[in-house]
Amino acid sequence: MYPLLNTIHEPHQLRLLPESSLRQLADELREFTIDTVSKTGGHLGASLGVVELTVALHYVFDTPEDRLIWDVGHQSYPHKILTGRRERMTTLRQRHGLSGFTNRSESPYDPFGAGHSSTSISAALGMAMASRRQGNDRHAIAVIGDGAMTAGMVFEALNNAGDHQKQVNLIVILNDNEMSISANVGAFSAYLSRIMSGRTYTRLKGGTGRMLGRISPPLLDAARKAEEHVKGLLTPGTLFEELGFDYFGPIDGHDFNQLLPTLRNVRELPGPILVHVVTKKGKGFMPAEKNPCTYHGVNPFDRRQGVMPARDVTPSYTQVFAETLVELGRADPRIMAITAAMPEGTGLSEFNEQFPDRCFDVGIAEQHAVTFAAGLACEGYIPVVAIYSTFLQRAYDQLIHDVVLQKLPVVFALDRAGIVGADGPTHAGAYDLTFLRAIPDLVLMAPADENELRHMLATAVALGGPVALRYPRGSALNLPRERPRQLTVGEGRILREGRDISLVAIGQPVHMALHVAEKLAEDGIEVGVFDARFAKPLDEALLRRAAQAPLLLTLEENTLCGGFGAAVLEFLARDGLLDAGLKVRNIGLPDRFIPHGTQAELRAELELDAMGLLGRIHALRM
């Protein structure tokens, strides 16, 4: 089915092919990628958009000696297929299988691991500088999308790279998949790129500079200004050239006749260099071309029918958050919503439809999102920053310095808290209880179910100070919907009385604790279940009540290092309750990175499901 692709196991075999075979290889590679992702799920649209670019980069450059860094890794599937992992692609994003992103431990062709965006240029610059110091001439190539270019870290890296003009073999490939290329402009731009990146042009340019150096200074200045003016009119790369990069493009990222000569030419030039490549997200699979957002990340699907709408009537926690925010937004015009390039993922699309002038997508710029929210809060608004738990890590300083230190009423709605599943350790919401609990004056809560999420969001927007609530990925419990009401800050709830064991849980594990308590009751073991609700401030009266049992277990989906259980232990020690012989055990995520796999698989493996908790309790009572 893939006669040419099946002969390519490493890029050095690819480089033996004649150029005339690359079109067939790209077609087979695209079909193999579609076929694979339709079975495994994963990030499809971005990978389809870089098929030709991937082939061209491995064809022109000497990978892995030349370092090829893919920003984020969403678009790395064709790269994985060509670098010795084709036969393992059926294990993509599965437990003990291939990562959905680049991973240094997986292949020498992955020189840098990345699950978060906008890191590639910084890493590539570091590698290029190391190469120069080691005295070799290998290249470092960073492939970064136009969306990732919105992050401030990118411009920090570009600015720094500009300080090392002609000193580092750094090539940045700007993969622009938001622009279309008209025939005339595309052909003209491609012509300019080939000419401007060729040896003849660069020699002529150098000769012109030497000739201009012989004329009087006033004429020299005028000539240089004229050159910059003409370049600014002809190319969109003035910004990059001002930062010290030689800019080439835009070129058609699906046309080998443009890609190969341009890449060969820039390979021979001193860096830093930026090549502007225009691609189409989802290229070659019509459903993905028409709906790039839908096909960005997909579950397994039937290729003939495409991605089908979800049939599960149970709402996700993200949907419950979204619906509740719209409901609260209707009642209070001060509520604003902010996302960092994740309107669909965080559920803010509905809020944007209802209140387009009160919803802000700031791009992949988490630090800016938080300080922007602080500015809104200073002027009397109530900003709700909807963000994945893992991405809030990128704005920790802004959270402390710009929001909490000034006691501003910013709400942080942390989606994907706890175990996330197939995206693996880069996306695990494993640390937020720990790093947020350390901040004074920040209220921190986690709902046990969708109704508690509604109540907590209502509480948060009415609080008048900084607050964070974390909720998990996946389906809610489909409970009868309750009207949002405000909770008393720092007050938990007793869900079940029991004199033998106390289970003190926060967030998603609460209902699992109830199920386990019912199972143990069949054996005559009385288990109390306490929903803490708040990790900060703690309900101290509730904890004293729980400490009346001889065995107390805390439950959380957060690292045990400094998390909710640690907070409970700190209180029990401070209150003298540990001196009376109380046995306490903390149950949560271990002190290691959590691998990729399904949420159910990982919870079972970590003994964070009902069976695992029952086993732990029986072992403690032996």
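Quick notes on this structure:
- Taken over the stretch 588-609, residues that are buried (at least 17 other Cβ atoms within 10 Å of the Cβ) and either in a helix (DSSP H, G or I) or touching a Cys at 6+ places or on another chain (Cβ under 8 Å) (or both) amount to 4.
- Selection within the stretch 153-171 - aliphatic (A, V, I, L, M) and part of a helix (DSSP H, G or I): M153, V154, A157, L158, A161
- Applying the criterion of being touching a Pro at 6+ places or on another chain (Cβ under 8 Å) and not in a strand (DSSP E or B) to the residues of the stretch 60-81, the residue that is surrounded by the most Cβ atoms within 10 Å (Cβ to Cβ) is T63.
- The stretch 311-347, residues that are free of Cβ contacts under 8 Å to residues at least 60 places away in the same chain, surrounded by fewer than 22 Cβ atoms within 10 Å (Cβ to Cβ) and among the β-branched types (V, I, T): V326
- Q13 satisfies every condition listed in (1) over 19 Å from the mean Cα position of the chain (by Cα); (2) modelled with pLDDT under 95; (3) not small (G, A, S) except (2).
- Of the residues making up the stretch 463-471, none is surrounded by fewer than 19 Cβ atoms within 10 Å (Cβ to Cβ), under 26 Å from A546 (Cα atoms), of a type outside the set (K, R) and in the same structural domain as G347 (by TED's automatic domain parsing).
- Criterion: of a type in the set (G, A, S), in contact with a helix residue (DSSP H, G or I) (Cβ under 7 Å, 6 or more places away or on another chain) and modelled with pLDDT of 95 or more - qualifying residue of A148, A114, A140: A140
- Across the stretch 313-331, the qualifying residues are those that are among the hydroxyl-bearing types (S, T, Y) and in a helix (DSSP H, G or I), and the one among them that is nearest to the chain's Cα centre (by Cα) is T318.
- Residue in the stretch 32-41 that is within 28 Å of V420 (Cα to Cα), at pLDDT 90 or above, aromatic (F, W, Y) and buried (at least 24 other Cβ atoms within 10 Å of the Cβ) present: no
- Residue ID - surrounded by the most Cβ atoms within 10 Å (Cβ to Cβ), chosen from residues in the stretch 288-300 that are out of contact with any Leu (no Cβ under 9 Å at 6 or more places or on another chain) and not in a helix (DSSP H, G or I): P292
- Each residue in the stretch 119-152 was checked for being small (G, A, S), in contact (Cβ under 8 Å) with a residue 12 or more places away in the chain and not in a helix (DSSP H, G or I), and 5 pass.
- All positions within the stretch 381-416 that are touching a residue at least 40 places away in the same chain (Cβ under 8 Å) and acidic (D, E): D415
- Hey, A377 hydrophobic (A, V, I, L, M, F, W, C) and either crowded, with 18+ Cβ neighbours inside 10 Å or within 20 Å of G42 (Cα to Cα) (or both) or not: yes
- Pairs with Cβ under 8 Å, 6+ apart, first in the stretch 153-175 and assigned by TED's automatic domain parsing to the domain that holds G271, second of a type in the set (D, E, K, R): Q167/R132; V168/R132; N169/R132; N169/D137; N169/R138; I171/R267; L174/D146; N175/D146
- Of the residues making up the stretch 363-388, those that are assigned to a loop (DSSP other than H, G, I, E, B) and within 22 Å of A417 (Cα to Cα) are G363, I364, A365.
- Being more than 27 Å from F593 (Cβ to Cβ), at pLDDT 90 or above and not basic (K, R) is a condition met by no residue of the stretch 67-75.
- The residue that is nearest to T434 (Cα to Cα), among those in the stretch 567-591 that are basic (K, R) and touching a helix residue (DSSP H, G or I) at 6+ places or on another chain (Cβ under 9 Å), is R585.
- Pair list, Cβ under 7 Å, 6 or more apart: the stretch 545-573 residue assigned by TED's automatic domain parsing to the domain that holds I587, other residue part of a loop (DSSP other than H, G, I, E, B) and basic (K, R): A549/R499
- Considering residues of the stretch 258-287 that are touching a residue at least 12 places away in the same chain (Cβ under 8 Å) and more than 18 Å from L53 (Cα to Cα) only, the residue surrounded by the most Cβ atoms within 10 Å (Cβ to Cβ): P272
- Flag for T554 being of a type in the set (S, T, Y) and either touching a Ser or Thr at 6+ places or on another chain (Cβ under 9 Å) or in a loop (DSSP other than H, G, I, E, B) (or both): no
- Residue match in the stretch 536-549 (condition: part of a strand (DSSP E or B) and among the basic types (K, R)): yes
- Boolean, E87 is assigned by TED's automatic domain parsing to the domain that holds V143, over 22 Å from I251 (Cα atoms) and buried (at least 18 other Cβ atoms within 10 Å of the Cβ): no
- Complete set of residues in the stretch 151-175 that are among the polar types (S, T, N, Q) and either closer than 10 Å to I273 by Cα or surrounded by fewer than 19 Cβ atoms within 10 Å (Cβ to Cβ) (or both): N159, N160, Q165, Q167, N169
- If you check F571, F530 for being crowded, with 21+ Cβ neighbours inside 10 Å and of a type outside the set (K, R), only one passes: F530.
The values are calculated or read from the model by the stated rules, or taken from the named source; none is laboratory data. Predicted model only: the values in this text are computed from it and were never measured. Here Cβ is always computed from backbone atoms with ideal geometry, including for glycine, and neighbour counts include all displayed protein chains.
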